Structures are given as structure tokens and as C-alpha cells.
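Reading through the C-alpha cells given below for one structure.
The values are calculated or read from the model by the stated rules, or taken from the named source; none is laboratory data. As the structure is a prediction and not an experimental result, all values here were calculated from the model. Don't worry about glycine lacking a Cβ; one is built from the backbone with ideal geometry, like all the others, and counts go over all protein chains shown.
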Amino acid sequence: MGENRLMQKLSIEGGIPLQGEIRISGAKNAALPILCAALLSDEALYLENVPHLKDVTTMLSLLAQMGVGITVSSPQKVELNAGKIDNPVAPYELVKTMRASILVLGPLLAKTGRASVSLPGGCAIGLRPVDLHIKGLEAMGAEIEVENGYIQAKAGRLRGARIFMDLVSVTGTENLMMAASLAQGVTVIENAAREPEVLDLANCLNAMGARISGAGTDTITIEGVDALHGASHKIMPDRIESGTFLVAAAASLGKIKLNGAKADILDAVLDKLHEAGAHVSFDADSISLEMKDRPKSVNIRTAPYPAFPTDMQAQFMVLNSVSEGSALITETIFENRFMHVQELCRMGAHIEVEGNAAMVRGRDHLGGANVMATDLRASASLVIAGLVARGHTTIERIYHIDRGYECIEEKLAQLGARIRRID
Ligand code: UD1
């Protein structure tokens, strides 16, 4: 990341209801594991609807330095060929900026018999250990040690195993599912993550010749095969990007339509928006929302899919900050995911945090301020706060937002927001 990018800020003039239509991008959290799936085959994996994001660029750099051939034919189309992996290493310099780099561990080990992956950094939203990834691979026969900040793994051909996940882990499930695709025999993952992105990855792997059933439920069965072949796959739409724009429209009393968005993977979020007073409608390929009156506060409790996603918690905190009444937000996934609270309070929000719960008392308005982004979804919440606040907001450290939102200021400007990026 250049010095220039580190210094960029977003400048927002608040108070304009969002109006209009935009297109939703491919899902970051589906694209990242699916890019890693390319490591499992000697043949080309052709991907469409890949979002143009910092995290995707980081993953492509990580794969390229391992020896994966990468052709980007148009901004959203990427072809990967992992026929010649000569360096099965994920170095600290790349991993530290993106925790999802851990997703190379399973595929590298299954394909090349060894992997050296730096322990991840990423968002500062909690401890986020990777013990479940390691335990699962060990159950499949891998030998793993942690040395000098690196996970050093080696294995002959992995063996199928019965794996019970202590905690529901999204990337943990994905890592093990990828590794098991090339293992000898059958693997069963119990208490697997049910996130739609896990299913999108399974669909891509199956298109490559894997034999996976049960993805999208809490028990996934993978019958290992000797090799995976080339395939084409289109990345699913981003449900968190969709949810973020819907909340921005609701909080600003706007009316928007999201093209390319899917409603059936957003039930918990749409349900809360409805409870807040929004009129939501959808068809197979779009979601529309209109908010006519001041929103009503809604209680939120984050939990693994299909319950309310932790990645939407910060955005609803802003919605509640300008709603009628008070509500409790409980975060059960990450222990340190209230870093946006301080900044929102500087904009006039009334939020009290105790442990993993935040009590939000709605106010009739927020006021613009200079604020600092601390992690990806926290920065999205600050953007929404800036859009609804009276006056001018400047958000610093927006490189966090570029990790996960494609062209956020262009899309918001298309909806009428007065927003611009400044150096
Ligand atoms: C994924 C998403 C992220 C989302 C999160 C929860 C991607 C690339 N990222 O992150 O956007 O916020 O799911 O929905 O898909 N845990 C352990 N040991 C492990 C693994 C996880 O204790 O080995 C704990 C974590 O600390 C956390 C919880 O399990 O408290 C859930 O984490 P997990 O589902 O693994 O999150 P990620 O897959 O990293």
C-alpha cells in the first residue's frame, strides 16, 4: 500500500436521502476462498464477478508469489493456473494485512504436501485464533508446528476424517473442505459453518470435480478425489455490501434498488429492516427498500448464519443511533468489535457498552465530525453516520473500507450522496 493511499480520506456532506439504483458486486468472502481453490488443480480456474477490492488484490499477490499464473482479462474476470507452484509460502508481509490468507493453508498442504503460512493479522477485532484450522488438518494426518510466527505444515496424502468443529468457523470450514477434496477417503465436518459463501465455494469445487454434499448445512461430507480439473465459476453477490447500502438508505430515509442482490441470503437483515419500519421488496435479482418515516430501534444479536451477521452489526448501530427508542446490540462472535462506538459517540450518538452488549438510545440527529476508521465494517458504519449527520464528516484511514467495498464513493454518489475521496 502506497503512502498516498494511507493518507486518503473520505469527505461527506450529510443529510441527503439516498435515491436511485446501483449494482451489487461479487462477494469478498466468497471470492477469497474461491481464489485459493485454484491451488487445488493443475488446470485453469476461470472466475467471473470477482470484486475489485484491496483484499482480492492482496490474495492475488499472495498466490502469484507462490507461482500461480494469473490473468486478469477485465476488471471482474480472473483466470488462475496453479500448475507450477514452486513456493508454498505465505509471507508475513502479505498475511499481516489480511487474515483470510490462512485460506491457502489447506489447499497448499493437500496439493503440494507442505505449506508455510505466517500467522495472520487482519482486522483488530479480536483474538481470532486459527486453532480449529490446525486441529482439523492434523486429524487428516498433517504434521503442524508453529515456529517463528509461521505455521509449518507437512503431510503425505491427507486422509479423510470425522471432524467436529468446537466453534462455528467460516474460514475454518472452508480450509478443511478444500483440503478434504483431495484427501484419500471420506471427510465429514460436523458443526460446519452454514454461510452462503461456504456453499458458493462448494459449488465451485464441485464444478472442478470435487464430491461435496451438505454444504450450506451444519454437516458437510467430502469424498476425496485424486485430482481436480479446470472449471468456470461466477462469484455470488455480496450480502454484506447489499446490507450496508440498505441500512444507509433506511437511515437516510431514502429509496433505493440494488441490482444483482439476492434477498434469500439476507433474511435476518431484511427482517430487522422491516422491524425498523422499512418497506422492503425483492425479486430474483434485486432488492428495493423505501423508508418513509423515522426508523424504530431494533434489538440485534449477532450469531453464525442464518442468524444476524456480525459483519452488519456496526451498520445497525448507526441506524439505531438515529431511530426512535432504545435498543440493545449484543455481539457474540468477536470480543472486540465495538471500536466504532467511540467514533459514533463523537458524532453525537448515545451508546453505552458493557461487555459484549451496547445499549443505543436513538437521537433525532447526529452531527458531522472528523473520525477515524478502525476496521472494515466499522468504517462502513462511519460512512453511514456521515451520510445521515448534519454537516460535514471526514473519515480517516479509509484503506480499511477499500479492503471490502468496491467503489463505495462512486456507488454512493450515484445514489445522490455528496461524498468524495481526498488525498
Ligand atoms: C469470516 C469472515 C468475516 C466474518 C466472520 C464471522 C471471511 C473471509 N471472513 O471470518 O467477514 O466476520 O467469518 O462471520 O469469510 N475461532 C476460533 N478458532 C479458530 C477459528 C475461529 O476460536 O480456529 C473463533 C474466532 O475467534 C471467532 C469465531 O470463532 O470468535 C468465528 O470466527 P470465524 O468464523 O473463523 O471468522 P473468519 O472465518 O475469520
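Mind listing just one residue for me: the one in region 164-181 that is surrounded by 24 or more Cβ atoms within 10 Å (Cβ to Cβ) and aliphatic (A, V, I, L, M) and, of those, nearest to the ligand (Cβ to nearest atom)? Only one residue fits best here, namely L176.
Of the residues V318, V383, only one is in a helix (DSSP H, G or I), more than 14 Å from the ligand (Cβ to nearest atom), touching a helix residue (DSSP H, G or I) at 6+ places or on another chain (Cβ under 6 Å) and under 30 Å from S169 (Cα atoms); which?
V318
Conditions (1) under 24 Å from R397 (Cα atoms); (2) within 16 Å of the ligand (Cβ to nearest atom); (3) of a type in the set (D, E); (4) in contact (Cβ under 8 Å) with a residue 24 or more places away in the chain, marked per residue:
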site: S41; (1), (2), (3), (4): no, no, no, yes
site: I70; (1), (2), (3), (4): no, no, no, no
site: L80; (1), (2), (3), (4): no, no, no, yes
site: V89; (1), (2), (3), (4): no, no, no, yes
site: E93; (1), (2), (3), (4): yes, no, yes, no
site: K96; (1), (2), (3), (4): yes, yes, no, yes
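Only one of I144, I151 is in a strand (DSSP E or B) and within 12 Å of the ligand (Cβ to nearest atom); which? Please lay out each step first, then the result.
Numbers: I144 fails: within 12 Å of the ligand (Cβ to nearest atom).
None of the others qualify; the one that does is I151.
Consider P120 carefully, then state whether it is within 13 Å of the ligand (Cβ to nearest atom), free of Cβ contacts under 8 Å to residues at least 40 places away in the same chain and closer than 26 Å to M208 by Cβ. Yes, satisfied.
Total residues in region 293-303 satisfying the condition of being within 16 Å of the ligand (Cβ to nearest atom), buried (at least 20 other Cβ atoms within 10 Å of the Cβ) and not hydrophobic (A, V, I, L, M, F, W, C): the figure is 1. Answer with yes or no whether K262 is of a type in the set (K, R), surrounded by 15 or more Cβ atoms within 10 Å (Cβ to Cβ) and not in a helix (DSSP H, G or I). Yes, satisfied. For region 20-35, the count of residues that are more than 23 Å from the chain's Cα centre (by Cα) and crowded, with 17+ Cβ neighbours inside 10 Å is zero. Cβ-Cβ distances below 6 Å connect the following pairs, each with a first residue in region 128-143 that is under 12 Å from D166 (Cα atoms) and in contact (Cβ under 8 Å) with a residue 12 or more places away in the chain, a second residue that is near the ligand (Cβ under 7 Å from one of its atoms) and part of a helix (DSSP H, G or I), and a separation of six or more residues or different chains: L132/G172; H133/G172. Among the residues of region 321-337, those identified as free of Cβ contacts under 8 Å to residues at least 60 places away in the same chain and either closer than 23 Å to R390 by Cα or of a type in the set (K, R) (or both) are S323, E324, G325, S326, A327. Restrict the check to region 78-92 and report whether at least one residue is part of a helix (DSSP H, G or I) and modelled with pLDDT under 95. Scanning region 78-92, I find at least one residue that is part of a helix (DSSP H, G or I) and modelled with pLDDT under 95, so the answer is yes.
Pull up region 321-351, narrow it to residues that are more than 20 Å from D375 (Cα to Cα) and surrounded by fewer than 17 Cβ atoms within 10 Å (Cβ to Cβ), then point me to the one that is farthest from the ligand (Cβ to nearest atom). Within region 321-351, the match that is farthest from the ligand (Cβ to nearest atom) is E324.
Would you say D166 is of a type in the set (D, E), at pLDDT below 95 and either on the phi > 0 side of the Ramachandran plot or out of contact with any Lys or Arg (no Cβ under 6 Å at 6 or more places or on another chain) (or both)? So D166 fits the description; yes. Here's a check for you: in region 18-50, which residue that is assigned to a loop (DSSP other than H, G, I, E, B) and not acidic (D, E) is farthest from S288 (Cα to Cα)? Out of the qualifying residues, it is V50.
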